[in-house]
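Engineer: I am attaching a structure below and will ask some questions about it afterwards.
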Amino acid sequence: MTDDTNKYEPEMTEAEEAAIAAEAMAADEAAVAEPDPLEVAKAETADMRDRYLRLAADMDNLRRRTEREVKDAKSYSVAGFARDMLAVSDNLRRALDAIPTEAREAGDAGFNALIEGVEMTERAMLSTLERHGVKKLEPVGQKFDPNFHQAMFEVPNAEVANNTVVQVVQAGYTIGERVLRPAMVGVAKGGPKAVATEETPAA
């Protein structure tokens, strides 16, 4: 008797076989792609640590910036007032310079007392400004520095290095590390070139 068991089983088409194979492959891939809980935890920990380090760095930068701004505010808050006071000091100096030597020598006690009072006032004002960080520039003999000096004229002098400050028309001042007012100066012209490595001190 002939075996007819598979006689009525339908044959699968190529499309059906491909679909079954694709389902099996997808199942295998899903099994392989399933994340390991330990690896997930490690990744999350690394991410949180990175975020913490970034936040800590941001906070440290903010703290430093705030400290710098507070320091600057303390150091430079009087800059406008100090600049105005320099104009008063200039006028006191002009008044003293306008007194002829003969008048000083021939002046009576009252006149000399007046002169001494003006000089004391000028010294006291400059001393007060210095306590608040304002310092006078002393540029004579230094190489001209456009950061601290303003050239008003040139002085022919073959004996002094070219571009050296030889005269101060108006005193300059700094406050902290900033220029409050540049010194107005006259610079030498015609002498030897200044040494290239020479550094000009701020004050």
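Engineer: When you check residue 50 against the structure, is it closer than 30 Å to residue 124 by Cα, of a type outside the set (Phe, Trp, Tyr), out of contact with any Pro (no Cβ under 8 Å at 6 or more places or on another chain) and not assigned by TED's automatic domain parsing to the domain that holds residue 172, yes or no?
Structural biologist: Taking the combined requirement at face value, the residue does not satisfy it.
Engineer: Return a yes/no flag: does the stretch 83-91 have any residue that is charged (D, E, K, R), in contact (Cβ under 8 Å) with a residue 24 or more places away in the chain, closer than 16 Å to residue 171 by Cβ and part of a loop (DSSP other than H, G, I, E, B).
Structural biologist: The answer is no; no qualifying residue exists.
Engineer: Looking at the stretch 144-175 only, could you name the residues that are assigned to a strand (DSSP E or B), buried (at least 19 other Cβ atoms within 10 Å of the Cβ) and among the aromatic types (Phe, Trp, Tyr)?
Structural biologist: 173
Engineer: Let me ask something additional. Could we say that residue 110 is modelled with pLDDT of 85 or more and not basic (Lys, Arg) here?
Structural biologist: No.
Engineer: Within the stretch 176-195, how many residues turn out to be part of a strand (DSSP E or B), modelled with pLDDT of 90 or more and within 31 Å of the chain's Cα centre (by Cα)?
Structural biologist: So the count comes out to 8.
Engineer: Mind telling me which of the residues 98, 124 ends up being loosely packed, with under 10 Cβ neighbours inside 10 Å, modelled with pLDDT of 85 or more and among the small types (Gly, Ala, Ser)?
Structural biologist: Testing whether each residue is loosely packed, with under 10 Cβ neighbours inside 10 Å, modelled with pLDDT of 85 or more and among the small types (Gly, Ala, Ser) leaves just 98.
The values are calculated or read from the model by the stated rules, or taken from the named source; none is laboratory data. From a predicted model like this one, the values you see are computed outputs, not experimental measurements. Backbone-built Cβ (ideal geometry, glycine too); neighbour counts: all protein chains shown.
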